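Notes for the one structure printed next.
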Amino acid sequence: MKVLLTGAAGQLGQELIASRPPEVELIACARGELDLADAEACRAAVQQHRPDWVLNAGAYTAVDKAESEPELAAAVNAGAPAAFAEALAATGGRLMQVSTDFVFNGAQGSPYRPDQALDPLGVYGATKASGEEAALQLPGARVLRTSWVYGPVGKNFCRTMLRLHALKAAAGESLGVVADQVGCPTSTLTLAAACWRAIGVGADPATDTASSRILHWSDAGAASWYDFAVAIGELGVEAGLLERAARVKPLTTADYPTPAQRPSYSLLDCTASRVALGLEPLHWREALVEVLARGD
């Protein structure tokens with residue numbers, strides 16, 4: 001099976017490369033090899049390589065910056081999957097679009113099912129929702145939504161918190177983290193496994209429907225960013241990555257204003273998707289232990 005991977009240098013892309021199944025011929029494209037803001041380049045890559053799948057793990061993920069760069073965010077998050085879908089329709093390949101919990105508004109207070117209506121709050125979520133819609137125009141395409149992604153490499157909340165715990169603890173200062181936004185941290189280790197499994201268990205394009213092709217994957221449990229930050233400190237000490245953890249002070253969203261509005265509750269209902277993928281979930285704290293064990 002030939003797979004064209006985008007976002008190869010990102011935190012998920014690196015884990016997808018590391019965990020590539022042996023039967024996969026992988027064409028890994030980082031931003032330097034394939035600019036996702038260039039729709040013509042996306043079409044040309046499909047025409048050149050004629051992959052069985054495009055695994056679109058690349059994205060514009062700067063949630064706050066997207067508010068001031070809506071055109072660029074739209075080009076990457078919506079224009080690229082549209083271009084891939086158009087080109088794959090001609091070559092006969094399929095598309096796996098990685099998406100986000102930010103396509104929901106967070107108002108309902110219970111986990112979001114894959115078939116629920118989308119209502120993003122900001123530019124990032126809106127462009128990712130548009131990308132989903134474009135991807136699903138292609139028969140046999142899949143969308144996999146996830147949440148709060150982090151891993152042992154790249155720029156993410158976990159690595160940032162490890163650095164801040166060390167700095168604040170050394171200075172005898174507390175670390176303020178938002179406590180009124182609830183979701184679930186998702187390790188790139190488990191997410192990559194879900195992505196590869198989703199491609200491996202792809203349904204017959206002739207019988208696929210848009211609703212059956214939308215999957216949810218996150219680690220198990222629920223947390224606030226405050227809970228996650230506390231756990232990173234505690235488990236970081238246990239893993240030998242921190243001498244000691246800083247005291248974490250809970251903040252409200254109002255205490256920490258940002259350009260983009262974020263959903264206050266964005267848990268994903270992964271029940272049906274876990275059954276479909278045949279994967280057992282790992283609690284987010286257990287997944288965090290695995291990530292920290294690979295830390296530097």
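The values are calculated or read from the model by the stated rules, or taken from the named source; none is laboratory data. Here the structure is a predicted model, which means the values were calculated and not measured. Heads up, the Cβs are rebuilt from the backbone with ideal geometry, glycines too, and the neighbour counts pull from every protein chain shown.
Annotations
- Given (1) within 24 Å of ALA194 (Cα to Cα); (2) part of a helix (DSSP H, G or I), index of the condition TYR60 fails: (2)
- Qualifying residue in the range 24-41 (condition: closer than 16 Å to ALA85 by Cα, touching a residue at least 12 places away in the same chain (Cβ under 8 Å), charged (D, E, K, R) and surrounded by fewer than 15 Cβ atoms within 10 Å (Cβ to Cβ)): yes
- Residue match in the range 117-128 (condition: of a type in the set (Phe, Trp, Tyr) and either in a loop (DSSP other than H, G, I, E, B) or more than 20 Å from TYR265 (Cβ to Cβ) (or both)): no
Per-residue answers, yes or no, for (1) surrounded by fewer than 20 Cβ atoms within 10 Å (Cβ to Cβ); (2) at pLDDT below 95:
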{"position": "SER99", "(1), (2)": "no, no"}
{"position": "GLY109", "(1), (2)": "yes, yes"}
{"position": "ARG113", "(1), (2)": "yes, no"}
{"position": "ASP119", "(1), (2)": "yes, no"}
{"position": "VAL123", "(1), (2)": "no, no"}
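- Selection status of ALA75, surrounded by fewer than 22 Cβ atoms within 10 Å (Cβ to Cβ) and in a loop (DSSP other than H, G, I, E, B): no
- Count of the range 237-294 residues which are in a helix (DSSP H, G or I), of a type in the set (Ser, Thr, Tyr), closer than 19 Å to GLY221 by Cβ and out of contact with any helix residue (DSSP H, G or I) (no Cβ under 9 Å at 6 or more places or on another chain): 1
- Residues (in contact (Cβ under 8 Å) with a residue 60 or more places away in the chain and hydroxyl-bearing (Ser, Thr, Tyr)) located in the range 69-123: SER110, TYR112
- Subset of the range 141-178 (residues that are hydrophobic (A, V, I, L, M, F, W, C) and farther than 20 Å from PRO257 by Cα): ALA141, VAL143, LEU144, VAL149, VAL153, CYS158, LEU162, ALA166, LEU167, ALA169, ALA170, ALA171
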